[in-house]
1. With just the Cα atoms defining each centre, how far is region 216-236 from region 25-64? Give it in Å.
2. Roll a 1.4 Å probe over the protein heavy atoms and report the accessible area of Ser315 in Å², nearest 10.
3. Please report the base-10 log of the normalised intensity I(q)/I(0) for region 25-78, using a Debye sum with one equal scatterer per alpha carbon and no solvent, at each q in 0.18, 0.19, 0.30 (1/Å).
4. For region 207-303, just the Cα set please: Rg and Dmax, both in angstrom.
5. If the limit is 31 Å between Cα atoms, which of Lys106/Lys272; Lys106/Lys216; Lys177/Lys232 go over it?
6. Around Ser185, with a cut-off of 11 angstrom between Cβ atoms, what is the net charge of the other residues, counting Lys and Arg +1 and Asp and Glu -1?
7. Using only protein heavy atoms and a 1.4 Å probe, report how much of Arg252 is accessible, in Å² to the nearest 10.
Amino acid sequence: MRKKTLLKYFFTLTMLGIVLSPLFAEQVVGEIVYIEGRVDVFRDGRQLGRGRVDIGSFIEEYDMVETGEDGYVEIVLSNSSSGSEVRVLPGTSFYFDLDDVEGPKKTEFAMMTGSMAFRVKKLSGNEEYRVRTESVAMGVRGTNFQVTVAPEGSVLTVCDEGAVECTTEEGEQALSKPGQVVEKSSEEAMQTEQVDPAELEDYRRNWLESREEVFKRGAHIFIKAYGARYVKLRPRFLQAYSELRRVESLLREVERQQGSGNLGRLFQIKTKVSPAVVKMRSILPLFENAFFRLTVLAEYHEMGYGEGMIDSSTSSTEFFGQFNNFSYEMRQRLSHTYYLLRLFQKLHGLTGGGPSFMDAPFGGGGMPESNMPEGFGGSPF
């Protein structure tokens with residue numbers, strides 16, 4: 001099986017002029033070994049052509065991967081010493097977030113919708129894996145497990161080997177292991193349930209069906225709530241995106257130099273771009289969760305669930321009509337944002353590392369707000 005060698009960077013300090021000479025290479029995190037149906041990959045603000053998403057194609061950090069209703073893909077992770085892999089089921093959206101600046105190499109799967117199954121072999125002491133959803137972060141060292149996100153945002157973690165530590169931002173903790181599953185539903189505390197390991201797949205399927213029924217019965221409430229959240233967060237995201245774009249040329253300066261240059265200049269760049277990065281990281285997890293949740297709800301709305309008035313002047317049909325018109329453009333902006341954050345992360349490593357935004361599993365902005373309806377005002381577009 002083909003593997004791309006991960007290029008590492010280093011720098012040399014001199015007493016009079018500190019010069020850096022690392023290799024500023026793209027970070028490959030996996031290789032597609034099986035694919036079927038529609039699988040989209042967004043990279044650096046652009047959707048890759050079909051010919052670039054196939055068996056043997058490489059996945060890079062911050063790539064945004066989406067599977068359609070008939071889509072399925074298996075990815076062998078190349079940044080693991082043990083050949084771990086992930087299976088991405090239909091209707092799933094996620095991206096990779098990688099940090100190997102200092103300490104253990106941290107690979108995070110930022111999962112917004114759908115279901116992903118992981119086979120993580122025993123890791124070395126220098127590797128960490130984490131899965132982040134809207135409401136739960138899961139830490140892994142060596143295990144087989146699956147994470148499923150229901151239409152309204154509830155999360156189920158099942159494990160048939162090893163153990164997965166599940167944590168909410170409020171500090172709740174629970175362990176998913178063979179014989180015990182972990183569920184986090186909207187507005188409720190995290191719960192565990194005893195399940196025969198031989199019945200895990202049946203339990204997961206029945207759980208998802210029951211959560212779909214919960215959503216369908218209250219579809220308009222969920223649609224109105226996430227719509228309100230989107231209206232509130234979208235201007236903040238666009239403002240943060242605009243500020244990040246204004247410092248893009250500085251990040252590209254480092255990229256053009258292939259990571260080599262005067263250390264003092266790199267610190268100047270980092271000082272100038274850091275406020276925009278911090279601002280984006282404070283809003284990004286909240287906004288991307290609202291956006292991708294609405295992409296799922298839009299499909300149910302097309303089937304007739306949740307139709308009604310969003311507010312006194314906007315129907316759900318009008319709302320989703322505009323939302324869908326701008327959804328591709330928003331995916332491009334999100335993908336471009338991930339790319340710029342990747343450049344900053346490289347710059348962060350070149351200037352000595354230190355605390356990283358990767359250290360906060362839910363981002364700087366904390367957890368998403370309540371799923372209960374809020375006042376809905378202003379144009380979402």
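The values are calculated or read from the model by the stated rules, or taken from the named source; none is laboratory data. Since the structure is predicted, the reported quantities are computational estimates derived from the model, not experimental observations. Positions of Cβ are generated from backbone atoms using ideal geometry, with glycine treated the same way; all protein chains shown enter the neighbour counts. Each accessible area value is taken on the protein alone, full model and side chains, heavy atoms only, with ligands, DNA and RNA left out. Shrake-Rupley method; radii C 1.70, N 1.55, O 1.52, S 1.80 Å.
1. 30 Å
2. About 20 Å², ignoring ligands and nucleic acids.
3. With one equal scatterer per Cα and no solvent, log10 I(q)/I(0) is -0.52, -0.58, -1.40.
4. 19.7, 60
5. Working: Lys106/Lys272 26 Å; Lys106/Lys216 37 Å; Lys177/Lys232 38 Å.
Exceeds cut-off: Lys106/Lys216; Lys177/Lys232.
6. Within the 11 Å Cβ shell, the charges total -2.
7. It works out to around 80 Å².
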